[in-house]
Every structure is written in structure tokens, then in C-alpha cells.
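A.B. asks: Here you go, one structure.
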Amino acid sequence: MDTSIAEMLNAFLLVYAGLFPIVNPVGGAPIFLRLTSHVAAADRPALAGAVAINSFMLLLGSLFIGSHVLVFFGLTLPVVRVAGGMVVAAVGWKLLQAGDEGVDRSDADKHGSTVDAFYPLTMPLTVGPGSISVALTLGSQRPSTATGITQLAMIGGGAVAGLLAIAATIYVCYRFAGSLVAVLGERGTNVLMRLSAFILFCIGIQIIWSGLRTLIPVG
């Protein structure tokens, strides 16, 4: 039993520590605030909750069945990285080109005061190709030394707990993203948003490059 608990804890730490730097909810919070600047403040907590739930479901599917889905469609991780990196870079570039208010007013007029919690808030802003690739990799490393159903269940439970912790972190960071305005002020928040958008654009380029480097070996 002690061994199973230790493996459950290891699975939790592996999933949380592996995904947190890639998901980066702290860095994504200013961008979330920018993209939802036309949404009523009272509606933002529900939107943050929806993004957290969507992120959990995406990562859960990637962790447990993602590799099988790729095989079914004949896709490889490098191709997913290239395509997903393009999407991430496009979102970052659009945010860099946006005005100080951070939203395209034509889109805001078109859609009213609502914003889709899945695209782009969940994917690719929160759970992008990098996060999905990490989850796929972690899922493909399921232990083959488990001696019984109980041990496998404990390891799976630890992995799911890690995903729940990631989702909770996303919710907290996005839910209180508005507090950045009070702490940093309007100018400081705008600088942080621009910097986060540039970092997001660079992440997209890095993901594209990592995919191309695998598809087209250099040297």
C-alpha cells in the first residue's frame, strides 16, 4: 500500500510539474483579461470556470487517449506541433497588433458582450499544442510494471489529481486576473499584456521550429 501511495504521489507531481510551465496560467492571465475586456466583470468568474473545465477535459483526453487518436488519423506529434504552433503564433501576433483596449471592436460588436470560452481562451491560449504534446508524452509513458488493477488505479488517480490541480490553478489565475489592473495600474497592465502577447508569439514560433526540426533533420 505504501508503494502504491508513493506511485500515486509521483504521478501527481509528474503531471502537475510537467504541465504547469507549459500551460503557464500566470502568464496567460493578462491575455485572458485582454481578450475578455468587453465582458462584464460579473461574468468573468464563470468564464474562468468554463476555461478551467475545458482545459481539464482536453488534457485528460490527451493524457489517456490522445496517442490512440493520433494513430487513428495517421498523425504524428511533429505535425501537430507545426499546425498548433501556427495557431498560437497567430493569436500572439493578433494581440500584439491590437489597440490599447486589446480587443477587435468589430468582433465585439458582432458578438455582443459574449466570448467563446473554448476558442481562443481554452485553445490555444491555455491548452495549446505544447501542453497537448506534453500530456501525450506523459500518457505514453504509462508504467508497465504495475502488478494489479489497484496499483494502476492509484497511478491513474494521481495523474487525474494532477490535472485537477492544473485546472484549479487556471481558474484562480484567470478569476483574479482583474486584480492585476489594481496592482500594476493601467500602463503597467498594458505593458504586461504586450509582453505576454510577445512571449505567446515566441512560444508559437518555438513550437513550429521544434516540429520542423523533427520533420526535417538538420545536419
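The values are calculated or read from the model by the stated rules, or taken from the named source; none is laboratory data. Keep in mind that what you see is a predicted model, and the values were worked out from it rather than measured. A quick note on method: Cβ atoms are made from the backbone with ideal geometry, for glycine too, and the neighbour counts reach across all protein chains shown.
A.B. asks: From (1) small (G, A, S); (2) in contact with a Leu (Cβ under 7 Å, 6 or more places away or on another chain); (3) surrounded by 21 or more Cβ atoms within 10 Å (Cβ to Cβ); (4) modelled with pLDDT under 85, pick out the condition that doesn't hold for S62.
C.D. replies: Result: S62 fails condition (4) only.
Residues are listed down the side, and each one gets a yes or a no for (1) assigned to a helix (DSSP H, G or I); (2) under 17 Å from R34 (Cβ atoms); (3) in contact with a Lys or Arg (Cβ under 7 Å, 6 or more places away or on another chain):
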position	(1), (2), (3)
N190	yes, yes, no
M193	yes, yes, yes
F198	yes, yes, no
S210	yes, no, yes
R213	yes, no, no
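A.B. asks: Separate question: Out of the residues in the stretch 158-180 meeting the condition of being more than 19 Å from the chain's Cα centre (by Cα) and surrounded by 15 or more Cβ atoms within 10 Å (Cβ to Cβ), tell me which one is modelled with the highest pLDDT.
C.D. replies: G158
A.B. asks: Take the residues of the stretch 26-55 that are polar (S, T, N, Q) and farther than 16 Å from T169 by Cβ: which is farthest from the chain's Cα centre (by Cα)?
C.D. replies: S37
A.B. asks: Hey, another quick one. For residues that are touching a residue at least 24 places away in the same chain (Cβ under 8 Å) and surrounded by fewer than 16 Cβ atoms within 10 Å (Cβ to Cβ), scanning just the stretch 4-19, find the one that is nearest to N190 (Cα to Cα).
C.D. replies: For the stretch 4-19, the residue satisfying everything is L13.
A.B. asks: So if I check each of V127, V103, which one is at pLDDT below 80, β-branched (V, I, T) and under 27 Å from F201 (Cα atoms)?
C.D. replies: V103
A.B. asks: I'm told R81 meets every condition in (1) of a type in the set (D, E, K, R); (2) within 29 Å of N190 (Cα to Cα); (3) touching a helix residue (DSSP H, G or I) at 6+ places or on another chain (Cβ under 6 Å) except one. Can you identify the failing condition by its number?
C.D. replies: Status for R81: all satisfied but (2).
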